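What follows is a single structure, written as structure tokens, with notes after it.
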Amino acid sequence: MEENRCKFWLPKKNRFCANSPLNDSQFCGNHKPRSIEQWIPCPIDPSHSVLKENLESHVKRCPLLKQAQSLSLQPFYQKGINAGKEEEEEDNVSSEMKRSAVYSMTVTQFCKLINKIESVHASTCKDIWESYKVPEACNKWIKREVDRKLPFQEKHVAQQASILGNLEDFGVIKSSVGSKEADSQGFCSDDSNFVHAVVEFGAGRGYLTQMLADCYGFDRVFLVERKSYKLKADRSLRQKESLILERLRIDIEDLNLNAVESLRGIPYLAIGKHLCGPATDLTLRCCLSEQCNQGSVQDCRSNANLKGLAIATCCHHLCQWKHYTNRKFMSDLGITKGQFHAMTWFTSWAVDADHGSDLPDITDCSLQLQSIYYSEEKQCFGDIHGVEDVVRNIKPVERAVLGFKCKQIIDVGRMMWAKEHGLDTQLVKYVPSGISPENHLLLARHAKCL
């Protein structure tokens with residue numbers, strides 16, 4: 001009998017697995033050794049993986065199959081509409097691939113890239129300032145005068161309040177404090193720019209919109225999120241008599257916002273808190289059709305319906321060249337696709353460091369990277385040879401500074417892209433790094449929304 005058993009040893013049970021082995025192996029199906037290459041993303045939903053050998057049967061019974069089929073019938077579904085145009089289709093570049101590409105550089109190439117980042121940051125990132133806001137309209141949330149059943153975490157409330165405060169300060173929304181109840185008059189005062197709807201991208205549970213509804217008020221809410229969540233704000237939002245809520249379970253990459261019938265022709269505000277990596281670029285394309293620059297009257301009109309935008313960016317290490325909105329901005333600065341991906345890998349250093357009070361403010365990008373020193377004559381860092389050794393010997397705080405500089409360059413490119421599409425724009429730090437090191441907020445408004 002022992003010969004017909006799987007040869008995988010179970011140390012806790014002090015015996016071999018009792019299952020029968022496969023015909024071509026000494027192991028059963030559960031314990032057969034498999035390489036990483038044998039796992040591939042599910043074509044229906046890439047958020048989970050499946051073995052190559054099981055792919056054909058899996059796609060027939062994938063739990064998300066019915067949802068994908070239902071979504072494909074929706075008029076606002078258009079595969080890859082916001083993905084960005086690339087001459088050649090390419091897969092996402094993983095963090096491991098980015099790291100390998102950096103470590104394969106010569107020390108000379110690495111140092112020249114660092115110098116280029118320093119130079120580009122000094123010339124393009126001059127107008128980013130701190131803008132920590134606690135608007136009076138949000139006091140009911142800060143003092144917990146809202147529904148006690150709603151989850152309350154101080155750091156998230158601080159971020160949400162500052163996002164709304166910056167929108168108010170930027171002239172996109174206006175406080176209703178002083179009136180008996182927050183209503184839709186809390187938005188752009190000009191009747192021609194009256195904002196009826198709010199679209200939250202990457203909405204998650206929707207608590208940024210919940211605060212906006214409680215403190216400012218409006219007519220319609222659209223929550224865009226590809227995943228399913230429990231404990232959503234939807235139930236609380238639906239209790240508001242004058243508010244219409246619609247949740248769109250779809251990837252931002254595939255959302256044709258112009259085809260959402262209930263939003264068509266309605267002025268709206270676009271918001272998003274911590275839109276990870278390329279989700280920021282997808283959202284910008286979703287709201288600002290690139291076809292407008294090509295003379296499409298319909299898409300230009302839809303762009304005019306966007307009255308304001310506030311996106312808190314994050315997870316720049318996930319950014320992809322193929323999705324990035326302002327590749328021209330990078331190319332004009334002499335930054336290639338490979339260098340862009342290296343920069344996105346550097347951004348992870350910004351959130352790796354200790355952000356405690358014992359360190360200087362690492363978001364102060366005026367700090368000099370003293371340990372990243374290069375001499376053309378030496379062509380190495382003392383006795384250090386190879387980029388991996390160079391990286392290992394850079395001080396953590398200096399790595400973090402370099403990471404923040406790369407984040408700011410990436411976000412400035414996005415801001416410039418929105419500006420080229422006719423919006424007034426700002427890029428600010430909306431909370432201290434102690435609350436969240438992911439503290440960049442991209443603000444934009446329609447030129448007439450003043």
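The values are calculated or read from the model by the stated rules, or taken from the named source; none is laboratory data. Please read these numbers as outputs of a predicted model, since none were measured by experiment. So basically every Cβ, Gly included, is an ideal-geometry build from the backbone, and we count neighbours across all protein chains shown. Just the protein is used for accessible areas: all its heavy atoms, side chains included, with ligands, DNA and RNA removed. Shrake-Rupley method; radii C 1.70, N 1.55, O 1.52, S 1.80 Å.
Structure notes:
- Distance between the pseudo-spin-label points of ASP389 and ALA68 (7 Å out from Cα toward the beta carbon): 4.8 nm.
- The distance between label points at LYS174 and ASP127 comes to 2.5 nm (points 7 Å beyond Cα on the Cα→Cβ vector).
- For LYS143, the solvent-accessible surface computed with a 1.4 Å probe is close to 130 Å², ligands and nucleic acids excluded.
- Heavy atoms of THR336 accessible to a 1.4 Å probe, total area in Å² rounded to 10: 70 Å²
- Rough spin-label spacing in nm, given labels placed 7 Å along Cα→Cβ, for ALA304 and PHE152: 4.5 nm
- Note on LYS307: lysines with a C-alpha under 17 Å away, same-chain residues under 8 apart excluded, are LYS174, LYS419, LYS448.
- Computed accessible area, ARG205, all protein chains, 1.4 angstrom probe, square angstrom: 100 Å²
- Within the same chain, lysines fewer than 8 places from LYS240 are excluded, and of the rest, those with a Cα less than 19 Å from its Cα are LYS140, LYS149, LYS180, LYS232.
- If you sort ARG226, ARG61, ARG414 by accessible surface, 1.4 Å probe, largest first, the order is ARG61, ARG226, ARG414.
- Euclidean distance between Cα centres, segment 201-268 to segment 271-287, Å: 15 Å
- Reachable lysines, given that their alpha-carbon falls under 17 Å from the alpha-carbon of LYS116 and they are not under 8 places away in the same chain: LYS126, LYS328, LYS337, LYS405, LYS407
- Accessible surface ranking that places the most exposed of ASP389, ASP127 first, with a 1.4 angstrom probe: ASP127, ASP389
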